[in-house]
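A.B. asks: Structure provided below as structure tokens; questions to follow.
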Amino acid sequence: MYEVTLEALGLTKSEISTYLALLDLGPSTTGPLIKKAQIASGKAYIILDKLIEKGLVTYTIISGTKTYQAKDPNRLLDYLNEKRGELDNIEVQLKKIIPYFKTKFEEQKNQTKAEIFEGAQGFKTFHKFMLDECKKGDTVYVFGAPREANEKFGAYYVEWNRLRVEKGVKLKILYSSESREFGEVRKKLPLTEVRYMNEKEEIPAWVDIFGDYVTTINVHGDPICFLIKDKVSQESYLKYFQTIWNRASK
């Protein structure tokens, strides 16, 4: 428990074991300290110097030998406050430079043709990106969303759809026939239209279309999303979507 808290404060495992060893030993030379803290002898002075720099350890010299001692544990709170002050200052500086970074990012984003989002976190990052790219009145077109997607990310989609509706983004979604139970729930949401593909027209992939983007998604096993920014591809997929939509059942 102590170690987890001290790591969150920014101390390394070696610094933590050294500090705790000094609390147990009291004033100590490096020999007993290395044994107690179980640290490499070659790194002992480096670790101690770091702790002294942080104000958590002090030393005295007796007969030419350094004796180290942990400072009052209240110093940990002082250290936390110092770090908080540093972070506040960093936040101020970041706010000044982020507009420049955003300009560079937007320049690069316009050149980006493809991107891959992997894993559950990547799946959520992609969906946040999709919502960020959409403006009020835009429509997200989805077809082929499998049952497994709703089973894995049902709770996440509740929040995502809340944010979508709040932003005023429309959703047209073509479910596979096996996912009707999820579609019946989804169609009750505002700004949402749901239809069901017949079995002969169901596609093996799950595709999202929005803006100038087309995304192919696979949630079998570890989720992965393949994002393409290409107006020609988007128009082609959207035309196909509309064809299936017009034939799908409500």
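A.B. asks: Report the dimensions of the range 61-159 along its three principal axes from the alpha-carbon atoms, largest first, rounded to Å.
C.D. replies: Its Cα atoms span 79, 37, 24 Å along the three principal axes.
A.B. asks: Quick check: pseudo-label points 7 Å beyond the Cα along Cα→Cβ at residue 212 and residue 69, how many nm apart are they?
C.D. replies: 6.8 nm
A.B. asks: Among 116, 52, 224, which one shows the highest mean-square fluctuation when the chain is modelled as a Gaussian network with alpha-carbon springs under 10 Å?
C.D. replies: Among 116, 52, 224, the largest GNM mean-square fluctuation belongs to 52.
A.B. asks: If you keep only loop residues by DSSP, which trypsin sites (Lys or Arg not before Pro) in the range 181-239 have at most 13 other Cβ atoms within 10 Å of their Cβ?
C.D. replies: 188
A.B. asks: Next up: Give a residue-ordered list of calculated ³J(HN,Hα) values for the range 80-85 (Karplus: 6.51 cos²θ - 1.76 cosθ + 1.60, θ = phi - 60°; whole Hz; x for Gly, Pro).
C.D. replies: With the stated coefficients, the range 80-85 comes to 4, 5, 5, 5, 4, x Hz.
A.B. asks: When each pair of different Cα atoms in the range 2-72 is counted once in the 1/r mean, what is the Kirkwood radius in angstroms, to one decimal?
C.D. replies: This gives a value of 12.0 Å.
A.B. asks: Students often get this wrong, so check it: of 113/167; 13/43; 152/229; 95/136; 136/170, which have C-alpha atoms separated by over 18 Å?
C.D. replies: Pairs exceeding the cut-off: 113/167; 152/229; 95/136.
A.B. asks: I've got another one for you. Among residues other than residue 12 whose Cβ falls under 15 Å from its Cβ, what is the net charge (Lys/Arg +1, Asp/Glu -1)?
C.D. replies: Once all neighbours under 15 Å are counted, the net charge is 0.
A.B. asks: Here is a follow-up. Return the label of the correct value of percent of Cα pairs over 21 Å apart, as calculated from the structure shown, out of [x] 54; [y] 60; [z] 69.
C.D. replies: Answer by label: [z].
A.B. asks: What's the extension gain from residue 35 to residue 8 if we count 0.36 nm per residue and subtract their Cα-Cα distance?
C.D. replies: Contour length minus Cα-Cα distance gives 7.2 nm.
A.B. asks: Additional query: Would you kindly calculate the mean projected area, averaged across all directions, of the convex hull enclosing the Cα atoms of the range 111-247, in square nanometres?
C.D. replies: Across all orientations, the range 111-247 yields a mean hull projection of 7.7 nm².
A.B. asks: Per 0.36 nm of contour for each residue apart, how much would the distance between residue 23 and residue 180 grow if the chain were fully extended, relative to their Cα-Cα spacing?
C.D. replies: 50.2 nm
A.B. asks: Run the dipole for the chain about the Cα centre, Lys and Arg Cβ at +1, Asp and Glu Cβ at -1, nothing else charged, and hand back the magnitude in debye, nearest 20.
C.D. replies: 440 debye
A.B. asks: Suppose each label sits 7 Å from its Cα in the direction of the beta carbon; what would the residue 100-residue 158 distance come out to in nanometres?
C.D. replies: 4.5 nm
A.B. asks: Under a plain spin-label model, where a point goes 7 Å from the Cα along Cα-to-Cβ, how far apart in nm are residue 232 and residue 82?
C.D. replies: About 6.1 nm separates the two model spin labels.
Any read-out appearing in this document is the output of simple, stated calculations on the displayed coordinates, not a laboratory observation. It should be emphasised that the depicted structure is a prediction, and the values quoted were computed from it without experimental measurement. No Cβ is skipped: glycine too gets one built from the backbone with ideal geometry, and neighbour counts run over all protein chains shown.
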